[in-house]
1. Around E491, what is the net charge, scoring Lys/Arg as +1 and Asp/Glu as -1 over all other residues with Cβ under 13 Å from its Cβ?
2. One-quarter of the Cα convex hull surface for the chain, in nm²?
3. Could you tell me the relative contact order of the chain? Use alpha-carbon pairs under 8 Å, at least six residues apart, and round to a whole percent.
4. From the phi of every residue in the stretch 305-310, what ³J(HN,Hα) in whole Hz does the Karplus formula 6.51 cos²θ - 1.76 cosθ + 1.60 yield, where θ is phi - 60° and glycine or proline is x?
5. Any idea what the dipole of the stretch 252-393 comes to, in debye rounded to 20, about its Cα centre with Lys/Arg Cβ at +1 and Asp/Glu Cβ at -1?
6. With 10 Å bins from zero, work out the P(r) of the stretch 678-725 over every alpha carbon pair and list the percent per bin.
7. In nm, to one decimal, how far is the S344 label point from the S496 one, both placed 7 Å along Cα→Cβ?
8. Report in % the part of the accessible area of the chain that belongs to carbon and sulfur, leaving out ligands and nucleic acids; probe 1.4 Å.
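The values are calculated or read from the model by the stated rules, or taken from the named source; none is laboratory data. Given the structure is predicted, the values throughout are model-derived calculations rather than measurements. Here the Cβ is made from the backbone with ideal geometry for all residues, glycine too, and neighbour counts use every protein chain on show. Each accessible area value is taken on the protein alone, full model and side chains, heavy atoms only, with ligands, DNA and RNA left out. Shrake-Rupley method; radii C 1.70, N 1.55, O 1.52, S 1.80 Å.
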Amino acid sequence: MTQSRALFYGRRAASFAAALILWAGVTAFYQPPDDPEGGAKQYQNKTFRLDGKFVHNVGRLHLQITNIGQTGNAANPSRTTVPSAEYPPGSGFDHLYAAGLWVGAIDASGIPHVTTAAYNVEFSPETNPKDACVPLPIDQVADVREAYEGIPGGNRVISASLSPDDDNDGLVDEDFLNGIDDDGDGLCDEDYAAIGQQMFSCEYRDDLPAIRQINPEHVALGIRVRQTSYAWSTPGQSDFVGMDYRITNQSGRAIRNVYVAIFADPDIGNRAVTGYFQDDEAALFDSVVTYLGPAGETVKRRIQMAYAWDNPDNPARPQDNKGGDVPGDGYFGCMFLNHTTDPSGATAPPHVGITSFKFFSGSASFGAGGDPENDAQRYQLMSDPRFNPNNPNNTINPKSDRPLDYRFIMATGPFRQILPDSTLTVSVAWVAGLGHGGPNDVNQTLVGNAISAQQVFDGLYTDLDNDLTTGTCGKETCLRNTSGGRAFTYELPESSICRIRFHSEIPNDPKYDGISAWDNSIPCDTQQGGKFLCLDNPGPPRLTHCASADTLNLLVSGTQCTYVDFDCDVNTGQGGREQIVNWVAAAPLPSPFFQGNNGNSEPRDFLPIYESHSDSARISAWYFPGDTKVTLKWSNFAEQIRDAQRGNLKEFVGYRIYKAAGWNRPLGTNAPAQNLWTLLGEWRANPKGTPARPLGELIDPSAPLVERHDVKVRWDPVARRVYSDTTNYTERDTLYAIGRYSYVDDRVLNGFPYFYSIVPVSIVPGETSATDVILSGNPSATNAQVVYPRGSSQATEKNVFVVPNPYKGHAQWDLIPREEDPSGTKVTFMNLPRTKGTIHVYTLAGDLVVDIPFDGRAPSDLQFGKDPVTAGQGSKAWNLISRNGQRIVSGIYLYSVDSELGRKVGRFVIIR
């Protein structure tokens, strides 16, 4: 480690260590038990999520999420060895040390204050929240929560075919997914918007007393942040993770001159290589890109993105050769997708993007170009016009000139003020890619994937109010006077595109590129596709007018909506679609979810846990290890998810089952590499004409029924479109418990690690059957979901033995050591008795080395139906670590297996 690196990392580590010390005092960190008894409740955790449990893993970018405003994890490796941003999955190439949200503002005295999540941790979840509604200990309520598009209670505003008002109380998405009864109706997380194939949500604040104990100089802004993040597995949409930060002012006073920033420390390379982070580069991407919009129109947009990449080793420059090279140079960046804007720049930035950018390296002082050390310097960095890429006189260095260890900040603002109880939403995307790419790139490069992220965020417009006169001739924005005060005037500047597009001659200015001149001799209903014809009344009689008449100043005085074309884009707000829905992607159905426990335990009597609809949808699969077999059981929850954009059409057709074998837990990885996955088979409800097998082969008719409900469907199967009128028909959905489907893989070896992924297959209908699109996610799993087949327990203790015996330095099932498994190897006690007991290991001198409890009883509620699990756990692994946490030395060891059935004594040999 270089001196500058040591000085800098001492500083950043100290900031985070202070948080760890205090939080350990507030609420103990979750420590996985050495030998949990199993059962469905063993996955519970404490408040501060720093153990790497929540990682977006459905796509190709595996991004770690915490509930302290930090993306990635500065606690790596002290708390976890799960990578912060692994790309591609299973590669071992990490792209991030940690990143964090910064929010800065000016107080009434003109003094700046900045709340940060990295490196100083000045956000915290609430350890004792009010109105908690989830059945958890109070210190576990504020954990990260997971959902997926289609989950019960998470209906989205997509189309009028499915009500986004989940609880029918007249409100939409009023209950944030946080384990708290936000709307006080006695229900829990019953009406929120679930987005993407995998969504994480959490909530944290900057004004809790505990934060001042960590950072006595911290001055709270009085803000609450509700953070949601989204990922997809659809090809072309799987190389980024989207995030929304909803920043609410709870201070009781206005927060002025607000800036929002992302501070990031990208460390790109293989964690197994010492110093892999020392040869990165950093830069700003700032260019106009072109892509297709949701209506097929061409969209031109300026994208600004802070990014870094791994500089490849160069034999001609040995001083730059740090090792750990990443294929495609490991490009990784962050971009603003959306926030409040003001074309005049008076109350908000004039357009979405970066208003301050800078990268750092080394440990220089702030005055010498280094990292800021206090709030005044942080705010100066966020607001300095010299670092604004939109300022023609900026002094930005847009690209680093030599490989080092870089950090960067990207900020946006100022937002004139956030009033009390008001919310500012800022949307970002974390993007990875193989290579840089260009402005019109559609491949899996950094820029190509950034364009995909922007397309998914842009979303589409939908008809929420069922009124054809709203969302017409490009009018998509509702203006109304909600203050109760005097009216205000909406006016268009002479240079506005909303005016210029109706001129017979378009000025020669790049900002008007693509605008066609208006011809007053052509009727409005036929000119330029008739998009500028505004519907006033659908009739009869049908009343219309031309949008060219709507360029006069507009007085807004009442509380009723007056729709205007605020974005001056006629393609938004057509056909009655007035409501923008962001984050819209062609997401495959979510895969049945297996919680996993690092292979340390197996479930026992679990069915009573899954009696409710919400529980069955939350954890929807269990994988049971057996004697040279693994039994997969899952529910049919994925089949309950319908396509709201297609009138609640059910698109599910079947399942694919994948297995990953040959994994040795490479350092810095959080998942099996893609090349380890193999397809075990595909099953469909109607396999005719496909190589799939009948779905009925997997069905267990004895699985308990959880819920039935009727669904109104508005899909016309003949015309292959949503009915244009109110025509609908009813279908019944039936949810069964885990065990509805069962599959046994008997091509496995005891003691070796395996992963499984059950992937639903769906078909999105085209205009004809020949244009139907099959959607299927990528197989994915995390290290925590590993399964180890094991021997079956026996009726007697007399046949217990140890493998391998002797142990000669290594075994075929050895894994690369990790924090939770420091040895990476094991010996296994086989043929344990079918009861509870303890294995005692001694030296030849009679000194106790370790006690290993076991439970060989068969789970009582799994011994029925298809593929019953009738045998208990008959083998128990030991990692050759003593009860004192030390690796045992070579020698002969004695063991005694004690249970109510008796005692078995034996010996085994360790040769290091």
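1. Working: positive: R499; negative: E494, D550.
For residues surrounding E491, the net value is -1.
2. On the way: hull surface 166.8 nm².
One quarter of the hull surface, i.e. the mean projection, equals 41.7 nm².
3. Numbers: 2309 pairs, mean separation 95.7, N = 912.
Averaging sequence separation for qualifying contacts and normalising by length gives 10 percent for the chain.
4. Karplus values, whole Hz, x for Gly and Pro: 8, 7, 8, 9, 8, 8.
5. Values: 11 positive and 17 negative charges, 132 e Å.
Once rounded to the nearest 20, the dipole reads 640 debye.
6. Going out from 0 Å in 10 Å bins, the stretch 678-725 shows 19, 23, 36, 21, 1 percent.
7. So the two model labels end up 1.1 nm from each other.
8. Working: 18880 of 37520 Å².
Answer for the chain: carbon and sulfur cover 50 percent of the accessible area.
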